[in-house]
1. Sort through Ala163, Ala155 and tell me the only one that's within 26 Å of Leu66 (Cβ to Cβ), under 14 Å from the mean Cα position of the chain (by Cα), crowded, with 20+ Cβ neighbours inside 10 Å and not polar (S, T, N, Q).
2. Of everything in segment 98-131, what is surrounded by fewer than 19 Cβ atoms within 10 Å (Cβ to Cβ), under 16 Å from Thr146 (Cα atoms) and charged (D, E, K, R)? Give them in sequence order.
3. Checking Gly87 against (1) in contact (Cβ under 8 Å) with a residue 60 or more places away in the chain; (2) out of contact with any Lys or Arg (no Cβ under 6 Å at 6 or more places or on another chain); (3) closer than 17 Å to Thr108 by Cα: exactly one of these is not met. Which one?
4. If you check Thr141 against the conditions, is it buried (at least 20 other Cβ atoms within 10 Å of the Cβ) and among the hydroxyl-bearing types (Ser, Thr, Tyr)?
5. Quickly run through segment 118-146 and pick out the residues that are at pLDDT 95 or above, of a type outside the set (A, V, I, L, M) and not in a strand (DSSP E or B).
6. Among the residues of segment 121-138, write down those that are under 16 Å from Val172 (Cα atoms) and of a type in the set (D, E, K, R).
7. Quick check on Ser91: is it surrounded by 18 or more Cβ atoms within 10 Å (Cβ to Cβ), touching a Phe, Trp or Tyr at 6+ places or on another chain (Cβ under 9 Å), among the polar types (S, T, N, Q) and modelled with pLDDT of 95 or more?
Amino acid sequence: MGKFSALIVLGLSATSVAAGEITSVYSDLDLKTCKVLELNADEGEGGVWECKGITGFDVLYLEGDLRGYVAFGPEARSQCSSAQTFGAFNSPGPKIEWRMENGKPIATILRWFTDNGSGEANAKQNWLAVTKLNGKDACRTALIDTKYPNANTLARAKADGKAHTFNCEKDVPDVVAQRALAANEIMSGAPCPGGPYREE
């Protein structure tokens, strides 16, 4: 998964609950077990992988120039999320948390490891990236610094609260960190490049 990866488990799998309650299930993200779809010969280790997610929602992972992109489900290549990444070099964590409502995934939470390459004390950072899911209309809605108090709980609240209201074409992801930051300072592709229903 890259030199910045570490084993991070965001929580325990949810058990059966009453209909309408939002809960979590988890899947692994390990490129060694994923299907290789493309390899970028001119970009070193870059390429496209299809990874097992949850039922009906495989995970598409794309990488180029030491930066990763991820999208979800049968319309992954058309999603805005497939064009969103961090400005710094990055790699994803090994677990995806899926927020589930009435048996359907409405959002994901994925830890990312970033490194701006400067070698300075704050060059490396970890983020929880929240992505809403709704067919082609899928994009990042929030970025939470993992050093922020109760980061995992806050990420779930952001995921649940924005899942049905966030507009990928117009809205910019929230950033929660120890210091004030705008989304475009740390990531690219927001608002959604080309709109959430772009064609491949």
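1. It is Ala155.
2. Residues satisfying the conditions are Asp115, Lys124.
3. In the conditions (1) in contact (Cβ under 8 Å) with a residue 60 or more places away in the chain; (2) out of contact with any Lys or Arg (no Cβ under 6 Å at 6 or more places or on another chain); (3) closer than 17 Å to Thr108 by Cα, Gly87 misses (3) alone.
4. Values: buried (at least 20 other Cβ atoms within 10 Å of the Cβ): yes; among the hydroxyl-bearing types (Ser, Thr, Tyr): yes.
So Thr141 passes the test.
5. The answer is Thr146, and nothing else.
6. Lys132, Asp137
7. Yes: the conditions hold for Ser91.
The values are calculated or read from the model by the stated rules, or taken from the named source; none is laboratory data. Please read all numbers here as calculations on a predicted model, not as lab measurements. As a convention, Cβ positions derive from the backbone with ideal geometry for all residues, glycine included, and neighbour counts pool all protein chains shown.
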